[in-house]
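Undergrad: One structure coming up, written as structure tokens, with questions to follow.
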Amino acid sequence: MKISKLSLVAVLALGMAVPAFASEPATTSDKPAQSTQPAKTEKGEKGDKGYKSDKGDKKDADKKSEGVTVGSMAPQFTLTDTDGKEISLSQFAGKVVVLQWFNPGCPFVVKHYNGASTFNDLNKKYSDKGVVFLAINSGAPGKQGAGKDTNVSAKKDWNIGYPVLLDESGKVGKMYGAQRTPEMFIINKDGTLAYHGAIDDDNSAKGIGKTNYVAKALDEILAGKPVSTPTTKPYGCTVKY
């Protein structure tokens, strides 16, 4: 009887050890699955983050921009220019005002200053007729083309003869619904918006259009005629809010 009890204990001990031993291969086989999963997730998150950032910025800008329509009153604003001078839209009451959204780092802006002299030519031609030109940079601090020093240099290098206003908060840009650089707004003498859209009909980063929509609109306004093409589709870089 003693021998049989010992034998029974041994058998039971061996039986209990079998599951513990058999579990090891299962643990080993799980390791590859656990090690590959984080790598796959990390790669996916990195790719999604890079993809969503540009798209997300545009969606946010679209959502936050109020915008104005042709025929409505242009929103009033006061901004500081690159010389540290405060300039208000109200001080030009009774005059035609051209607003250009500006970014000296944007190739679509560069082509009209460096490759050509589109804006300087417009200013030279129409300022003598009482038209006021203002450039507005709504780029946030640290974004492309933003910052006082960058815009001071651009104004000097490109011989810009009108104020470049800094709107780093983006408040004015969003009031107008500006989404591109360059994007153009013409305000009539009565304070209403007369034109909104592109500078011309060439939306490439190098070519200059055959039709300058701003010049055409100004000629019509100064002649006392309605603007025949009051809206066009703006082109260029996104405003870096």
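Undergrad: Please give the contour-minus-distance gain from Ser117 to Lys85: 0.36 nm per residue of separation, less the Cα-Cα distance, rounded to one decimal in nm. The partial results should precede the final answer.
TA: Details: separation 32, 0.36 × 32 = 11.52 nm, distance 2.52 nm.
Going from the current span to full extension adds 9.0 nm.
Undergrad: If amide hydrogens are placed 1.01 Å from N in the peptide plane, which non-local residues have theirs closer than 5 Å to the one on Arg180?
TA: Hits under the 5 Å cutoff: Val239.
Undergrad: Still on this structure, I have one more. Between Ile208 and Leu222, 0.36 nm times their residue separation minus their Cα-Cα distance comes to what?
TA: Details: separation 14, 0.36 × 14 = 5.04 nm, distance 2.40 nm.
Using 0.36 nm per residue and subtracting the Cα-Cα distance, I get 2.6 nm.
Undergrad: Related question: Give me the percent relative contact order of the range 109-180, please, defined on Cα pairs under 8 angstrom at least 6 residues apart. Intermediate values should be presented prior to the final figure.
TA: Details: 68 pairs, mean separation 23.3, N = 72.
Relative contact order of the range 109-180: 32 percent.
Undergrad: Within the set Lys85/Lys111; Lys143/Lys174; Lys125/Lys210; Lys174/Lys240, which residue pairs have Cα atoms separated by over 22 Å? Working shown, then result.
TA: On the way: Lys85/Lys111 28 Å; Lys143/Lys174 16 Å; Lys125/Lys210 17 Å; Lys174/Lys240 11 Å.
Check vs 22 Å cut-off fails for Lys85/Lys111.
Undergrad: Which peptide among 126-138, 210-222, 74-86, 98-110 comes first, and what is the full order, when sorted by highest mean count of other Cβ atoms within 10 Å? Could you put the intermediate results ahead of the total?
TA: On the way: 126-138: 19.5, 210-222: 17.9, 74-86: 15.2, 98-110: 23.4.
The packing order, highest mean first, is 98-110, 126-138, 210-222, 74-86.
Undergrad: Using the Karplus curve 6.51 cos²θ - 1.76 cosθ + 1.60 with θ = phi - 60°, work out ³J(HN,Hα) for each residue of the range 182-195 in order, rounded to whole Hz, and write x for Gly and Pro.
TA: Values per residue, Gly and Pro as x: x, 10, 10, 9, 10, 9, 6, 4, 8, x, 8, 7, 9, 8 Hz.
Computed from the coordinates by the stated procedures, all read-outs in this text should not be read as laboratory data. Since this is a predicted model, take the numbers as computed values, not measurements. Quick reminder, even Gly has a Cβ in these numbers, built from the backbone with ideal geometry, and neighbours come from all protein chains shown.
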